[in-house]
Amino acid sequence: MAHIRPVDRVNGVGPRDTFRKPASDGMFEADDWLRGIYEVSKALTAPARLDITLANVANTLPSFVQMRHGAIFVLDSEGEPEIAASAGSGPSGTHPIIPKAAIDQIVATGTRLVIADLSTSELFQAELQTRPGVNSLPMAFIGVPVKAEDRILGSLSIVRDSANGSRYDEDICFLTMVANLVGRTIRLHRGLTRDRERRVDESWTAENSSDEDRTDPVPHAPVKMDGIIGESPALKQVLETVSIVARTNSTVLLRGESGTGKEFFAQAIHRLSRRRRKSFVKLNCAALSESVLESELFGHEKGAFTGAISQRAGRFELANGGTLLLDEIGEISPAFQAKLLRVLQEGELERVGGTKTLQVDVRLICATNRDLESAVVNGDFRADLYYRINVVPIILPPLRERPGDIPRLANAFLERFNKENHLELAFAPSALEFISQCYFPGNVRELENCVQRTATLARSRTIAPSDFACNNNQCLSWLLWKKADHSLSGNTGNQRFRSNIMPAGLSMPAGRFGAPQDNVRPHTADPANDPALPAIGPRLTERDRLIGAMEKVGWVQAKAARVLGVTPRQVGYALRRHGIEVKKF
């Protein structure tokens, strides 16, 4: 019997250093079989990918069975070879000559295939003809199926020297045992892979899906997300966009008026993303000077400036692998914008007073209520930074565009107030209807303050419309709107700002459009005589105010919208709702 050179070890698992020859009667000794199964078992149980594991098994075989070369083929769900591991080589270093036809026959029949002389087999004729010199070498083929629970997973086969009158029972028995072990290992690997994928899918679904099916065709199905309350179409559209954007690492720019909940939406994006297990770090850029902002974002070394008594990591470092929210991004100075741009483009920074370059992997979310386009035109905001952060803009709707959500938010704020103060207050239905018609230029934040103020001063456990400040001449927001309208009147170059088309900046209406009559009468001014508040009287209904504004501007809806401090679309809707016919001149 020819000596078989042992193959090299793979990943620390390999054959014995010498080939153990069979006993004098041609049979393997029992301890040789045990050693062979032991080496194969070590290879199969080593922590490695399935393809590496099978390669280790194939490289173990030459130490325990006579073979020129061999191969293990694993089939996929469609019956095609998915993994192929081989050992040894053909004549003159050629690759194994096991044809696919032989593999197909073993898999189809589920039984072993033994060919004493390859030159006489039709299965090998095509392969032998393409390899000159192979025909002159007598070779035999032994192949056995790889099974697991009566399911054929592939084949294990070898090509060895052929000898007249030789029997291959020992080889067949040994290879069958190895094939059974390989089959069980393949099934185990595939089962673990499926379980892992299922757990990942279930975890992703549990953390990202809402209580309602996102594909539900019902137009007003409830939408729920931690910290975000509402069922309005405008909010549902934003939530749908958030769920899509969260799956990527794209930079997000949240735009909206003050008080629309930009931080809550930023947290929702982080919780729905693959970075949810890492840190969510936030920083209000408007609250800090340029020097302090640089230290907060980039960190500083010990002794970098007076008071730097120790090294400190910046917000970018703290958010490494996670999400960083830069609130009020439009308020940073042009000089600092250039420093921030480099970090966003290169993903690297140096601490203040340091020389070491640090690499950071941060998902950036920016938020602003400014009109960044105008800031770029005026030179207050760098255009390159604008394009860098404005990758995926999300415009958050103001509260006036989601009036149906006001009762839900009010009840949620009142419930929180009750829990904090151990009270049991509740809104009367008329109170919720009353508050739903308010404008709330401060959006959700102002609504929360209104609920807390009203609940604090309520005289009974049931809050009535008379408990609200605007029914007691104590609502200062009305005066704020009036003064803002005075400051904006005559500024014809900022029509987008006043018509609320752009989300950046707070639009102060001339009066409450859609508020019930008798709801606002500030003690500081007489709205009936105020030229800045056309068509708004203390006793006028919404219809009267709408007609008055339309008559003042010649029945032009866009101009009436600017007078009333709403959008042209809202004016058109109100005209249809009240059945007011637009006059044409």
Next on the checklist: Among the numbered criteria (1) without any contact (Cβ under 8 Å) to a residue 60 or more places away in the chain; (2) assigned by TED's automatic domain parsing to the domain that holds residue 265, which one does residue 371 miss?
Outcome noted: (1)
Checklist entry - Looking at (1) more than 15 Å from the chain's Cα centre (by Cα); (2) surrounded by 15 or more Cβ atoms within 10 Å (Cβ to Cβ); (3) without any contact (Cβ under 8 Å) to a residue 40 or more places away in the chain, which is the one condition that is false for residue 313? => result (2)
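Which members of segment 421-450 meet the condition of being over 34 Å from the mean Cα position of the chain (by Cα) and in a helix (DSSP H, G or I)?
Start the filter on segment 421-450 by keeping residues that are over 34 Å from the mean Cα position of the chain (by Cα), which leaves 421-439, 450.
Matches in segment 421-450: 421, 429, 430, 431, 432, 433, 434, 435, 436, 450.
Condition first: within 27 Å of the chain's Cα centre (by Cα), among the basic types (Lys, Arg) and assigned by TED's automatic domain parsing to the domain that holds residue 334. Can you find one or more residues in segment 376-384 that meet it? If you could, list the steps in order and put the result at the bottom.
At the first step, the residues of segment 376-384 found to be within 27 Å of the chain's Cα centre (by Cα) are 384.
Then keep just the ones that are among the basic types (Lys, Arg); that gives none.
Checking segment 376-384: not a single residue is within 27 Å of the chain's Cα centre (by Cα), among the basic types (Lys, Arg) and assigned by TED's automatic domain parsing to the domain that holds residue 334.
In this structure, is residue 81 closer than 19 Å to residue 65 by Cα and at pLDDT below 80?
On the way: closer than 19 Å to residue 65 by Cα: no; at pLDDT below 80: yes.
Here the answer is no, as residue 81 does not meet what is asked.
Can residue 295 be described as outside any loop (DSSP other than H, G, I, E, B), among the hydroxyl-bearing types (Ser, Thr, Tyr) and surrounded by 18 or more Cβ atoms within 10 Å (Cβ to Cβ)?
Working: outside any loop (DSSP other than H, G, I, E, B): yes; among the hydroxyl-bearing types (Ser, Thr, Tyr): yes; surrounded by 18 or more Cβ atoms within 10 Å (Cβ to Cβ): yes.
Against the criterion (outside any loop (DSSP other than H, G, I, E, B), among the hydroxyl-bearing types (Ser, Thr, Tyr) and surrounded by 18 or more Cβ atoms within 10 Å (Cβ to Cβ)), residue 295 qualifies.
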Item to check | Filter result (more than 10 Å from residue 425 (Cβ to Cβ) and out of contact with any helix residue (DSSP H, G or I) (no Cβ under 6 Å at 6 or more places or on another chain)) within segment 457-470 | outcome: 457, 459, 466, 469, 470
Item to check | Residue count for segment 268-291, restricted to those that are of a type outside the set (Asp, Glu), surrounded by fewer than 20 Cβ atoms within 10 Å (Cβ to Cβ), without any contact (Cβ under 8 Å) to a residue 60 or more places away in the chain and in a helix (DSSP H, G or I) | outcome: 3
Checklist entry - Quick one: in segment 532-585, which of the residues that are part of a loop (DSSP other than H, G, I, E, B), of a type in the set (A, V, I, L, M, F, W, C) and more than 21 Å from residue 471 (Cα to Cα) is modelled with the lowest pLDDT? => result 532
Checklist entry - When both residues are 6+ apart or on different chains and their Cβ atoms are under 6 Å apart, which pairs have a first residue that lies in segment 355-366 and is touching a residue at least 60 places away in the same chain (Cβ under 8 Å), and a second that is basic (Lys, Arg)? => result 363/275
Checklist entry - Out of (1) charged (D, E, K, R); (2) touching a residue at least 12 places away in the same chain (Cβ under 8 Å); (3) in a loop (DSSP other than H, G, I, E, B); (4) outside the structural domain of residue 327 (by TED's automatic domain parsing), the odd one out for residue 453 is which? => result (3)
Item to check | Any chance residue 324 is closer than 27 Å to residue 273 by Cα and part of a helix (DSSP H, G or I) | outcome: no
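If only one of 61, 34 is part of a helix (DSSP H, G or I) and either modelled with pLDDT of 85 or more or within 25 Å of residue 190 (Cβ to Cβ) (or both), which one is it? Break it down into steps so the answer makes sense when it comes.
Working: 34 fails: either modelled with pLDDT of 85 or more or within 25 Å of residue 190 (Cβ to Cβ) (or both).
Result: 61 is the single residue among 61, 34 that is part of a helix (DSSP H, G or I) and either modelled with pLDDT of 85 or more or within 25 Å of residue 190 (Cβ to Cβ) (or both).
The values are calculated or read from the model by the stated rules, or taken from the named source; none is laboratory data. These numbers come from a predicted model, not from an experiment. We place every Cβ from the backbone using ideal geometry, glycine too, and count neighbours over all the protein chains shown.
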